[in-house]
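Please read the structure below before turning to the comments.
The values are calculated or read from the model by the stated rules, or taken from the named source; none is laboratory data. Note that the structure is a prediction, hence the values are computed from the model and not measured. Here the Cβ positions follow ideal geometry from the backbone for every residue, glycine too, while neighbour counts run over all protein chains shown. Side chains included, ligands, DNA and RNA excluded: accessible areas come from the protein's heavy atoms. Shrake-Rupley method; radii C 1.70, N 1.55, O 1.52, S 1.80 Å.
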Amino acid sequence: MSDHDTPGGEVARTDGEFGATAVRLDEGHVIGDGGLPDRFENPGLEPHQQRMSDQSEAGAKRAEKQVAALFSLSIIGTIVFVVAYFALDAHAYVFIPGIGDMDYSNAVLGTALAFSLLGIGLGAVHWAKTLMPDEEIVEMRHPMRSSDAARQGVVDTMLDGAEGSQINRRPLIKYTLGGALGLFAIPLGLQLVGGLGPLPKNGLSLTYWNGPIGPDGKPHFKPLRLMRDPENTAIKVSDVTVGSVFHVQPEGLLDMDSGVLEAKAKASVLLMRLPPDTITSRKEIAWGHDGIVAYSKICTHVGCPVGLYEQNTHHLLCPCHQSTFDVTDDCRVIFGPAKRPLPQLKIAVDDEGYLIATQPFREAVGPSFWERGSA
Ligand code: FES
């Protein structure tokens, strides 16, 4: 082994305990071949700085008063909070330039509570930093692994326990206990699965576009007008200009006696008008009207409303996980976790020039589920 000085003042070793070419930068650590430290040497502790409160009783007294002042601040904050809570009108407003009308009872309560909590926190921290013991202690790291004797002790204890319980000598207990514990998992599992809610069955296959529910409890299809949401007014072809997008609900949905929200959530539709020559799918052209197309608004990933339409690219974006659908091509998924295109609603124009749905969705809307194939 030989050492020599380097231009940077470091000492280089060319063999020995640090490998072929190790460089010692200082007394603290050693750099090996790969430029990584081989090991660190204990740098020791900085000289201990005595605190003011350690050096004199006057310093300690001053720290005590500071801590007491912070705790007193907390007491005052709490008192103000309690008084303000009962004394101030909960809906009284004051005008603050640059902010506007502000409910000042909230402001007073919030400020008082802030001082109340802050006083306790700062007081405790200051107390610990100025008056509590200030000793630097080195505790050497111990091996994580227990000694062989301790490990064997644990094994012996467990074997003793098994022996004391007589489980090995009482097979009846052993097997019935195993059966009881094993079967106990079944109700737990059922509860877990049941807690996920009812099975979707055909809940997403039938929407209000299938028609109003008749006395027989079944939907009876009839062409329904596409209505603006939330105005609930019918939409004429001439209302839909190229680049526009309408949020749509079926005609008559709001007349339901109950379950309006659920029905609306399943039947929501987006209506857009594209230049007809941008549409690349023949089915999409056939199911639309002069570039006007309607698609389910429920994302086929996990069901968020797909509400962002980018009219230059004709992309629909789901804000939840960024699934992106190409409206010019059957709302095919071009990005994101969704696996299926958005279902298209076939539309036409009635005698009065209003847009109508000429058939319900031909597939289940929303996320995929296991019975979907039988929809
Ligand atoms: S719900 Fe639309 S991307 Fe996830």
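Among the residues that make up region 206-220, is at least one of them within 29 Å of residue 353 (Cα to Cα) and open to solvent by 80 Å² or more (accessible area, probe 1.4 Å)?
Yes, region 206-220 contains at least one residue that is within 29 Å of residue 353 (Cα to Cα) and open to solvent by 80 Å² or more (accessible area, probe 1.4 Å).
List pairs: first residue in region 154-166 and charged (D, E, K, R), second residue open to solvent by 70 Å² or more (accessible area, probe 1.4 Å) anywhere in the structure, Cβ distance under 9 angstrom, at least six positions apart or on different chains.
Going by the 9 Å Cβ cut-off, the qualifying pairs are 163/169.
Residue by residue, here is whether (1) assigned to a helix (DSSP H, G or I); (2) surrounded by 13 or more Cβ atoms within 10 Å (Cβ to Cβ); (3) in contact with a Cys (Cβ under 8 Å, 6 or more places away or on another chain) holds:
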{"residue": "45", "(1), (2), (3)": "no, no, no"}
{"residue": "50", "(1), (2), (3)": "no, no, no"}
{"residue": "105", "(1), (2), (3)": "yes, yes, no"}
{"residue": "110", "(1), (2), (3)": "yes, no, no"}
{"residue": "114", "(1), (2), (3)": "yes, no, no"}
{"residue": "122", "(1), (2), (3)": "yes, yes, no"}
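Under 9 Å by Cβ, and 6 or more places apart or on different chains, what pairs join a residue from region 301-323 that is of a type in the set (Val, Ile, Thr) with one that is within 6 Å of the ligand (Cβ to nearest atom) and open to solvent by 70 Å² or more (accessible area, probe 1.4 Å)?
Once the first residue is of a type in the set (Val, Ile, Thr) and sits in region 301-323, its partners that are within 6 Å of the ligand (Cβ to nearest atom) and open to solvent by 70 Å² or more (accessible area, probe 1.4 Å) give 302/321.
Do you know which residues across region 274-305 are of a type in the set (S, T, N, Q), within 24 Å of residue 348 (Cα to Cα) and within 16 Å of the ligand (Cβ to nearest atom)?
Of everything in region 274-305, just one residue is of a type in the set (S, T, N, Q), within 24 Å of residue 348 (Cα to Cα) and within 16 Å of the ligand (Cβ to nearest atom), namely 296.
Just the residues that are touching a strand residue (DSSP E or B) at 6+ places or on another chain (Cβ under 7 Å), within 9 Å of the ligand (Cβ to nearest atom) and within 22 Å of residue 203 (Cβ to Cβ), please, taken from region 306-340.
If the condition is that a residue be touching a strand residue (DSSP E or B) at 6+ places or on another chain (Cβ under 7 Å), within 9 Å of the ligand (Cβ to nearest atom) and within 22 Å of residue 203 (Cβ to Cβ), then 306, 323 are the ones that fit.
In region 216-227, what residues are among the charged types (D, E, K, R) and modelled with pLDDT under 95?
Within region 216-227, 216, 218, 222 meet the criteria.
Right, residue 145: open to solvent by 90 Å² or more (accessible area, probe 1.4 Å) and part of a loop (DSSP other than H, G, I, E, B) or not?
Against the criterion (open to solvent by 90 Å² or more (accessible area, probe 1.4 Å) and part of a loop (DSSP other than H, G, I, E, B)), residue 145 qualifies.
Residue 301 fails exactly one of the following numbered conditions: (1) modelled with pLDDT under 95; (2) closer than 18 Å to residue 240 by Cβ; (3) surrounded by 19 or more Cβ atoms within 10 Å (Cβ to Cβ). What is the number of that condition?
It is condition (2) that residue 301 fails.
I need a count of the residues in region 279-294 that are open to solvent by 40 Å² or more (accessible area, probe 1.4 Å) and at negative phi.
Number of matching residues: 7.
Quick check on region 341-364: of everything there that is out of contact with any Phe, Trp or Tyr (no Cβ under 6 Å at 6 or more places or on another chain) and within 16 Å of the ligand (Cβ to nearest atom), which residue is modelled with the highest pLDDT?
Across region 341-364, the extreme among qualifying residues is 341.
Tell me whether region 223-230 contains one or more residues that are touching a Pro at 6+ places or on another chain (Cβ under 7 Å), more than 16 Å from the ligand (Cβ to nearest atom) and charged (D, E, K, R).
Among the residues of region 223-230, not one is touching a Pro at 6+ places or on another chain (Cβ under 7 Å), more than 16 Å from the ligand (Cβ to nearest atom) and charged (D, E, K, R), which makes the answer no.
Quick one: is residue 118 assigned to a helix (DSSP H, G or I) and under 33 Å from the mean Cα position of the chain (by Cα)?
yes
So which residues in region 304-316 are within 27 Å of the chain's Cα centre (by Cα) and open to solvent by less than 60 Å² (accessible area, probe 1.4 Å), if there are any at all?
304, 306, 307, 309, 315, 316
Go through the residues of region 214-235 one by one and say whether even a single one is part of a loop (DSSP other than H, G, I, E, B), over 23 Å from residue 362 (Cβ atoms) and among the β-branched types (Val, Ile, Thr).
Yes, the conditions are met somewhere in region 214-235.
Looking at (1) open to solvent by less than 100 Å² (accessible area, probe 1.4 Å); (2) modelled with pLDDT of 85 or more; (3) of a type outside the set (S, T, N, Q), can you tell me which one residue 86 breaks?
(1)
Under 6 Å between Cβ atoms, at least 6 apart or on separate chains: pull out the pairs that start in region 227-245 with a residue that is in contact (Cβ under 8 Å) with a residue 12 or more places away in the chain and end on any residue that is open to solvent by 60 Å² or more (accessible area, probe 1.4 Å).
227/251; 229/247; 232/254; 243/311
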